[in-house]
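What follows is a short report on a single structure.
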Amino acid sequence: MEIKTTLLPESQRKCSTIKDAESLPFGKLRSDHMLLIDYAKGVWKDARIVPYGSLSIMPGAVALHYGQSIFEGAKAFMHEDGELYAFRLEENAKRLNVSANQLCMPEIPVDVQVEGMMKLLDVERKWCPMQPESSLYVRPFMIGTEDALGMAPSSTYTFCVLLSPSGAYYSGGFKHAVRLLVTERYHRAVSGGTGSAKCCGNYGQAFQAARFSKKYDASQVLYLDASNQYIEEVGSMNHFHITKDKTVVIPEFTDSILRSITSLSVMELLPSLGYKVRQERVKITEFLDGIRSGEIIEAGGFGTAAVVTPVSEYIFENGDILTVGDGGIGENTRKIYEAYTAIQTGKAADKLGWLQKVPHFQYDLAR
Ligand SMILES: *Cc1c(COP(=O)(O)O)cnc(C)c1O
């Protein structure tokens, strides 16, 4: 697909500002350009890279009223060879289409998505931060743009990709373990719903659970399924735990859990690190008993933004606290985090073929 590229003059680009930043926020900064592709009458067309700025959309757009809006999150890393490497963009593109299907939105061919993201990354390569734990975060999304209030899928859509030079998701990065509130009060998704899609509605409704968790000085809630029996996941990460015989257990992917690309990747990597891996329905009572008995030695979450995040404590609504291990960052969680991020950052060989070097393209410069 031809991508018309309209670049800001060099003098108006701002990328020098991130180089010396001592700590970068997650998701707040933007690069200079974005990618847009429109959909109408059954075809994706008019792909373009343009300066980052406001979108013009009608107040009656379906996305604004009925939430026909999906997104993805991926990362690119600058290696010591001075080249930019994107992490498994194809998997994100495939999952965007899974989400699109669930929201009755059109799929956008995986190769079109990946080419668009690669070209945008190429244009913005100088925006990739080099600070420890930082990356160039890639945020693709698609919205229904038709100006129609009838409750029906939009006939027109826009696919957009923006980039955010980012530091660690949880401030403090891997030095910091999170506390999770176990609650029966809020649920993220139900069977038959959209929990396995990365659609906006899932996240807007989760803000109230996050607000509630803050009352307990927790970072987030651990969601249970609607029957309050099984562990589902956290707002933006899958959950995992590690047993004393070195098995990493991740809750089985049901239709109310997002299939994390980080989880899938870590599962591929674990055997080479000497771990067994298992996915199964995890009963919350058995999980908590496992921590109490010492059978479960570590727990945490997997996600692109949060990478591998250790959990130090589970908090309960009655104020009780259950500490995992000694409440610090466990050696197994650390080992997984280090092995995984070493591949992403080019410090270890990419034996599983996760990284794709961002090519240096020739541009179809718009006039
Ligand atoms: C994005 C997300 C994850 C993590 O998925 P990755 O592909 O690893 O980034 C986990 N759970 C939820 C609810 C998410 O939205």
Cα long-axis angle, helix 110-123 against the chain (0 to 90 degrees, to the nearest 10): 80
CYS15/ALA342 FRET efficiency (R0 35 Å; Cβ-Cβ; nearest 0.05): 0.85
Cleavage-rule hits, chymotrypsin sites (Phe, Trp or Tyr not before Pro), segment 306-367, DSSP coil, Cβ neighbours within 10 Å at most 10: none
Ellipticity estimate at 222 nm from DSSP helix runs (n ≥ 4, -39,500 (n - 2.57)) divided over the chain, nearest 500: -6500 deg cm²/dmol
Nearest-20 debye value, the chain charge dipole, Cβ charges on Lys, Arg, Asp, Glu: 460
Potential lengthening between LEU288 and ASP111 on full extension [0.36 nm per residue; Cα-Cα distance subtracted]: 59.3 nm
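If you build the convex hull over the alpha carbons only and average its shadow over all orientations, what do you get for the chain? Give it in nm² to one decimal.
18.9
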Nearest 10 degrees, 0 to 90: helix 331-344 Cα axis against the chain principal axis: 10
Segment 178-328: radius of gyration over Cα atoms, expressed as a fraction of 2.2 N^0.38 Å: 0.97
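Which three numbers, in whole Å and largest first, are the semi-axes of the equivalent ellipsoid of segment 213-295 derived from its Cα gyration tensor as √(5λ)?
That gives 21, 16, 13 Å for the three semi-axes.
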Loop GluC sites (Glu not before Pro), segment 287-365 (other Cβ atoms within 10 Å of the site Cβ: 15 or fewer; DSSP): GLU295, GLU317
Fully extended contour minus Cα-Cα distance, from LYS41 to ARG211, at 0.36 nm per residue: 57.0 nm
Calculated FRET value between LYS276 and ASP326, using beta carbons and R₀ = 25 Å, to 0.05: 0.60
Kirkwood hydrodynamic radius of segment 276-367, from inverse mean 1/r over distinct Cα pairs, in Å: 16.5
FRET efficiency estimate (nearest 0.05) - Cβ-Cβ, ASN318 to LYS94, R0 41 angstrom: 0.45
Radius 12 Å from Cβ of HIS79, net charge of other residues (Lys, Arg +1; Asp, Glu -1): -1
Unit charges on C-beta of K, R, D, E only; dipole of segment 178-328, Debye: 340
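How much length would be gained if the chain were fully extended between ASP147 and ASP350, taking 0.36 nm per residue of separation minus their Cα-Cα distance, in nm to one decimal?
Using 0.36 nm per residue and subtracting the Cα-Cα distance, I get 68.5 nm.
Read the figures in this text as sums done on the coordinates, not as results from a lab. In this text the structure is predicted, and so the values were computed from the model without any measurement. Methodologically, a virtual Cβ is constructed for each residue, glycine included, from the backbone with ideal geometry; neighbour enumeration extends over all protein chains shown.
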